[in-house]
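The values are calculated or read from the model by the stated rules, or taken from the named source; none is laboratory data. In this text the structure is predicted, and so the values were computed from the model without any measurement. Using ideal geometry, Cβ is built from the backbone for each residue, glycine included, and neighbour counts are taken over all protein chains shown.
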Amino acid sequence: MDGLMMRSSLCRLIGCRYPVLQAGMGGVARSDLVGAVTRAGGYGFLGMVRETPDLIRREIAAVRDGTDRPFGVNLIPAATDARLLDEELAACFEAKVHSLALFWDVNPDVIKRAKDHGCVVFHQVGTVEDACLAEQAGADVIIAQGVEAGGHVHGTTTSLVLLPQVVRAVSVPVVASGGFASGRSLVAALALGAAGIHCGTAFLATEESFAHAYHKERVIGARSEDTLRTDLFAINWPVGSPVRVIANSLTTRAGATRFGHDPYLRKRESIAQENGQPIYRYSTESPLRTTQGDLEQLALFAGQVAGEISDVPTAAVRIERIMAEAAEIIAALSGRLEEGV
Ligand SMILES: Cc1cc2nc3c(=O)[nH]c(=O)nc-3n(C[C@H](O)[C@H](O)[C@H](O)COP(=O)(O)O)c2cc1C
């Protein structure tokens, strides 16, 4: 679709055709997915939290093999050992990556280093306060994450309520995150003042994502009510970092004691393997194509929007559908306004 949305200020700033951003998802958003999104006119982030500098270099090169359009890398300073974080940043800077998408606590030093190396800096936040802190520290784009989002969830406010407040509070472009997977929701985000949408769950359920087929099946089979916010899955992150997952046997067993859980106090039990490495019960690792073991007990990250997702198309088809539906909705809305409805 060639329409007014293509020319949003965000598209001009980051060099994509459509204001549809694919979230950096650890393990899940690798070069296949980012390349497919980017070639289809969206903007993708490699999910590289706690990955080695070697893998980061290889994945950046693999995306560049298939496209010369810009894309970014997602890192999470608060969930990464300081030395590894320095090495990850150095790998991104050497490769002259177009942008960094940061998440969780605002780290002004990392933002400054990224800006000094010429990166566009996106920062995902869950509160108005963090949006202001990220902007003051130099972030170019704020991603406002509502509590309905899949994966780690930093705030407690819904997208509908958070987004317009963040838009009012900062002067940089704001992208809507959490609950967005359709053209209707893109139009709603634009109406609330966003410059685009940032989707995780919708792109997890695509052919190119590196998630295990079991995870994709669970997403398309889930109702919105089947997801819940919990701090059960904490190994690798600071204790008390909530995630939104599809309910499984662990969350059912935990029942009312979902919050206040400290897995570091329990004996480590390996329940799956990834490339010969153990994955422990209560880890934040989600099942990937290469994971073997008890997949049902792993963190099946998904947002409430899973209830709207019913198939696993290519990323290009996902984006085409969003843009086609957005065009229809805008036309229908203009018609309704002309009719005085
Ligand atoms: C499987 C999965 C993994 C995620 N991993 C990350 C991550 O590594 N880094 C990050 O910044 N956000 C991560 N997120 C959160 C996304 O950035 C984003 O906030 C969320 O997907 C938006 O909500 P939605 O799932 O409703 O689209 C993840 C989300 C999902 C679904």
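Tally up the residues in region 288-326 that are assigned to a loop (DSSP other than H, G, I, E, B), over 18 Å from the mean Cα position of the chain (by Cα) and over 15 Å from residue 213 (Cβ atoms), please.
Counting residues in region 288-326 that are assigned to a loop (DSSP other than H, G, I, E, B), over 18 Å from the mean Cα position of the chain (by Cα) and over 15 Å from residue 213 (Cβ atoms) gives 2.
Mind checking whether some residue in region 58-78 is touching a Pro at 6+ places or on another chain (Cβ under 7 Å) and under 20 Å from residue 134 (Cα atoms)?
Taking region 58-78 and keeping what is touching a Pro at 6+ places or on another chain (Cβ under 7 Å), we get 78.
Next cut, under 20 Å from residue 134 (Cα atoms) only: 78.
Yes, because at least one residue in region 58-78 is touching a Pro at 6+ places or on another chain (Cβ under 7 Å) and under 20 Å from residue 134 (Cα atoms).
If you go through region 208-231 one residue at a time, how many are in contact (Cβ under 8 Å) with a residue 60 or more places away in the chain, over 18 Å from residue 274 (Cβ atoms) and in a loop (DSSP other than H, G, I, E, B)?
Matching residues across region 208-231 total 3.
Of everything in region 98-116, what is farther than 24 Å from residue 242 by Cβ and within 15 Å of the ligand (Cβ to nearest atom)? Give them in sequence order.
Matches in region 98-116: 99, 114.
Looking at 189, 181 in this structure, which one is crowded, with 22+ Cβ neighbours inside 10 Å and either within 11 Å of the ligand (Cβ to nearest atom) or assigned by TED's automatic domain parsing to the domain that holds residue 255 (or both)?
Numbers: 189 fails: either within 11 Å of the ligand (Cβ to nearest atom) or assigned by TED's automatic domain parsing to the domain that holds residue 255 (or both).
Result: 181 is the single residue among 189, 181 that is crowded, with 22+ Cβ neighbours inside 10 Å and either within 11 Å of the ligand (Cβ to nearest atom) or assigned by TED's automatic domain parsing to the domain that holds residue 255 (or both).
Among the candidates 239, 187, 245, single out the residue that is among the aliphatic types (A, V, I, L, M), more than 27 Å from residue 11 (Cβ to Cβ) and outside any loop (DSSP other than H, G, I, E, B).
Numbers: 239 fails: outside any loop (DSSP other than H, G, I, E, B); 187 fails: more than 27 Å from residue 11 (Cβ to Cβ).
Residue meeting the stated conditions: 245.
Quick one: would you say residue 276 is more than 29 Å from residue 181 (Cβ to Cβ), out of contact with any Lys or Arg (no Cβ under 9 Å at 6 or more places or on another chain) and either loosely packed, with under 11 Cβ neighbours inside 10 Å or hydroxyl-bearing (Ser, Thr, Tyr) (or both)?
Working: more than 29 Å from residue 181 (Cβ to Cβ): yes; out of contact with any Lys or Arg (no Cβ under 9 Å at 6 or more places or on another chain): yes; either loosely packed, with under 11 Cβ neighbours inside 10 Å or hydroxyl-bearing (Ser, Thr, Tyr) (or both): yes.
Yes, satisfied.
Among the helices (runs of 4 or more DSSP H) contained in region 12-109, which hold 2 or more residues that are in contact with a Cys (Cβ under 8 Å, 6 or more places away or on another chain) and free of Cβ contacts under 8 Å to residues at least 60 places away in the same chain? Walk me through how you get there before you give the answer.
Working: elements: 31-39, 53-66, 82-94.
Here the list reads 53-66, 82-94.
I'm trying to understand the selection: among the residues of region 178-237, which are over 22 Å from residue 283 (Cβ atoms) and among the hydroxyl-bearing types (Ser, Thr, Tyr)?
Correct list: 182, 185, 206, 224.
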